[in-house]
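Asker: Below is a structure I'd like to ask you about.
Values quoted throughout were computed directly from the atomic coordinates according to the rules given, and no laboratory measurement underlies them. What you see is a predicted model, and the numbers here were worked out from it, not measured in a lab. Virtual Cβ from ideal backbone geometry, glycine too; neighbours counted across all protein chains shown.
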Amino acid sequence: MAKAKPVIKAAALHKTLDTHSETLNKASSHASTAVTKKIAEAKKLLTEVKRQTKKKATLSKRIKTASTRLKKDANAANKKAAAAVTKEYNAIKSALDKSRAHKALVAMELSALKAATKRLDAYTKAVAAADKKLNKPVKKKKRRTTAK
């Protein structure tokens, strides 16, 4: 004969419900904190990408002027200046590529976090509404008296 599963007691059931609702509230607060931090990180990366893009544009103009100077007069100073500008341009370009890649990762993570937070908030609101409805005091019905 197979053993029957024991039936859960009311106290254990209440404890389980309280624990899970508390866990849901904790997860919701952790998610909102994570979203706030990721938004700050995304803003920081956005300003960094803008700064590096401007620097790259400036350096590309400097490369053009250095190369025209080098074509006019191919001395050691002009060669050195052109090489230095090119080296700095390549460094900024690689840093910009890294920043853009990191920014894309952060944006993807942020959108996933926002979706999870939205779900958590909906669950939390639904549980709160159900608790509010279930915890309403029971109204006593008045007895109707019949008119004689």
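Asker: List, in order, the whole-Hz ³J(HN,Hα) value for each residue of segment 102-114 obtained from phi through the Karplus relation with A = 6.51, B = -1.76, C = 1.60 and θ = phi - 60°; use x for Gly and Pro.
Answerer: 5, 5, 5, 5, 5, 5, 5, 5, 5, 5, 5, 5, 5
Asker: Can you bin segment 86-148 into rounded, prolate or oblate? Criterion: square roots of the alpha carbon gyration tensor eigenvalues sorted a ≥ b ≥ c, rounded for a/c under 1.5, prolate for a/b above b/c, oblate for the rest.
Answerer: prolate
Asker: A 20 angstrom limit on the alpha carbon distance is what I want to check against. Which of Lys43/Lys125; Lys9/Lys133; Lys50/Lys114; Lys38/Lys93; Lys56/Lys98 exceed it?
Answerer: Cα-Cα > 20 Å for Lys43/Lys125; Lys9/Lys133; Lys50/Lys114; Lys38/Lys93; rest within.
Asker: Shape verdict for segment 1-47, please, from the Cα gyration tensor: rounded (a/c under 1.5), prolate (a/b greater than b/c) or oblate.
Answerer: It comes out oblate by the Cα gyration axes.
Asker: Then there's this: Would you calculate a helix-derived [θ] at 222 nm for the chain, using -39,500 (n - 2.57) for each DSSP H run of n ≥ 4 and dividing by the full residue count, to the nearest 500?
Answerer: Calculated from helices alone, the mean residue ellipticity at 222 nm is -31000 deg cm²/dmol.
Asker: Once you compute Rg and the Kirkwood Rh from C-alpha atoms, what is the Rg to Rh ratio for the chain?
Answerer: My calculation puts Rg/Rh at 1.48.
Asker: Placing +1 on the Cβ of each Lys and Arg and -1 on the Cβ of each Asp and Glu in the chain, which of Thr146, Ala91, Ala2 has its Cα farthest towards the positive end of the resulting dipole?
Answerer: So the residue we want is Thr146.
Asker: Would you work out if segment 46-112 is rounded, prolate or oblate? Take a ≥ b ≥ c from the square roots of the eigenvalues of the alpha-carbon gyration tensor; rounded if a/c is under 1.5, else prolate when a/b is larger than b/c, oblate otherwise.
Answerer: Prolate shape, in that a/c is at least 1.5 and a/b is the bigger ratio.
Asker: Related question: Please list, in order along segment 72-79, the HN-Hα scalar couplings obtained from phi with the Karplus expression 6.51 cos²θ - 1.76 cosθ + 1.60 (θ = phi - 60°), rounded to whole Hz, x for Gly and Pro.
Answerer: 5, 9, 8, 9, 5, 5, 5, 5
Asker: Between segment 63-80 and segment 10-60, what's the alpha-carbon centroid distance in Å?
Answerer: 49
Asker: Treating cross-link reach as a plain straight distance, find the lysines whose alpha-carbon is under 24 Å from the alpha-carbon of Lys140, omitting any fewer than eight places away in the same chain.
Answerer: Here the lysines satisfying the reach criterion relative to Lys140 are Lys132.
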